[in-house]
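Peer 1: The structure under discussion is supplied below as structure tokens; questions concerning it will follow.
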Amino acid sequence: EAGVAQSPRYKIIEKRQSVAFWCNPISGHATLYWYQQILGQGPKLLIQFQNNGVVDDSQLPKDRFSAERLKGVDSTLKIQPAKLEDSAVYLCASSSAGMSGNEQFFGPGTRLTVL
Amino acid sequence: DQQVKQNSPSLSVQEGRISILNCDYTNSMFDYFLWYKKYPAEGPTFLISISSIKDKNEDGRFTVFLNKSAKHLSLHIVPSQPGDSAVYFCAASSRRGSTLGRLYFGRGTQLTVWP
């Protein structure tokens, strides 16, 4: 079974530029999550999708971050414009258990550096 | 507001000995707890979980203990092996309320197992 795929693995941009990350979850997983992990901290949920609907985006800075999950499969996370404090690893995860709290499977992440 | 706390940023253990990683939580609504292991440049991988209806769950060398009254859980690794060297994240979720399925992570503990 293929795992969660993410691209790119690394991205360096200057502040005020835009950037987009892509995620392909495990086949058949209805729930998809985007996390932000700042150095020295644990992952923090940004947004959760159930199929192509948003379940929880309470922690998403909506003035600059946006995410979509077309057709309930792949997802993209966009930052526009980026700030220095957005430097972090962006992790995508998926699960088949929906809202049961069962384990989530993570991709390798995208390391974003904002200069 | 850190609802899941891992107060030890690092732990060093000799190969063959027991590793004990600790985690505390503050939200009494949490009823499902997970441990993830993370190697550098990889996403977190699920290790073991425990429901609040249990106080112990065992899987091979890994055992998780839950003390609900103290809002404390611990992960025991016996015997520890050099390949166990990684960052360990404690996570918690609630299967009730408005945050169904959302995982709250601690900051992680870097475990180093030396020969």
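Peer 1: Set the Förster radius R0 to 45 Å, insert the Cβ-Cβ distance between residue B:39 and residue B:69 as r into 1/(1 + (r/R0)^6), and round the FRET efficiency to 0.05.
Peer 2: After rounding to 0.05, the efficiency reads 0.85.
Peer 1: Can you compute 3J(HN,Hα) from phi for each residue in segment B:35-52, using the Karplus curve 6.51 cos²θ - 1.76 cosθ + 1.60 with θ = phi - 60°, rounded to whole Hz and x for Gly and Pro?
Peer 2: In residue order, the calculated couplings are 10, 10, 10, 9, 8, x, 6, 10, x, x, 10, 5, 10, 6, 9, 8, 8, 5 Hz.
Peer 1: Take chain B, connect every pair of alpha-carbon atoms lying under 10 Å apart with a spring to form a Gaussian network, then pick out the residue of B:31, B:59, B:84 with the largest mean-square fluctuation.
Peer 2: B:59
Peer 1: Once you have the alpha carbon radius of gyration of the protein assembly as shown, what is it after dividing by 2.2 N^0.38 Å, with N set to its residue count?
Peer 2: 1.01
Peer 1: Shifting gears a bit: With +1 assigned to the C-beta of every Lys and Arg and -1 to the C-beta of every Asp and Glu, and no other charges, what is the dipole magnitude of segment A:5-114 about the Cα centre in debye, to the nearest 20?
Peer 2: 320
Peer 1: If you wrap a convex hull around the alpha carbons of segment A:34-81, what volume per residue comes out, as a whole number of Å³?
Peer 2: Values: hull volume 3.9 nm³, N = 48.
Given the Cα convex hull of segment A:34-81, per-residue volume reads 81 Å³.
Peer 1: Taking the Cα centre of the protein assembly as shown as origin and charging only Cβ (+1 Lys, Arg; -1 Asp, Glu), how large is the dipole, in debye to the nearest 20?
Peer 2: 340
Peer 1: Can I ask one more? Could you report chain B's accessible area per residue, 1.4 Å probe, as an integer in Å²?
Peer 2: Heavy-atom accessible area per residue stands at 47 Å².
Peer 1: Sticking with this structure for a sec: Per residue, how big is the convex hull around the C-alpha atoms of chain B? Give it to me in cubic angstrom, could you? Please list the in-between numbers first.
Peer 2: Working: hull volume 11.5 nm³, N = 115.
Spread over its residues, the Cα hull of chain B gives 100 Å³ apiece.
Peer 1: Same structure again: In this model, which of A:44/B:71; A:11/B:56; B:38/B:71 are farther than 30 Å apart at the alpha-carbon?
Peer 2: The answer is A:11/B:56.
Peer 1: In addition: In whole percent, and with a 1.4 Å probe on the protein chains, what portion of the accessible area of the protein assembly as shown is carbon and sulfur?
Peer 2: Percent of accessible area from carbon and sulfur atoms in the protein assembly as shown: 50.
Peer 1: Something else about it: Restricting attention to the alpha-carbon atoms of segment A:5-114, what are Rg (one decimal) and Dmax (integer), both in Å?
Peer 2: Radius of gyration, then largest Cα-Cα span, for segment A:5-114: 13.0, 39 Å.
The values are calculated or read from the model by the stated rules, or taken from the named source; none is laboratory data. What you are looking at is a predicted structure, and each value in this text was computed from that prediction instead of being measured. Ideal geometry is used to build each Cβ from the backbone, glycine not excepted, and the neighbour counts take in all protein chains shown. For accessibility, only protein heavy atoms count, side chains too; no ligands or nucleic acids. Shrake-Rupley method; radii C 1.70, N 1.55, O 1.52, S 1.80 Å.
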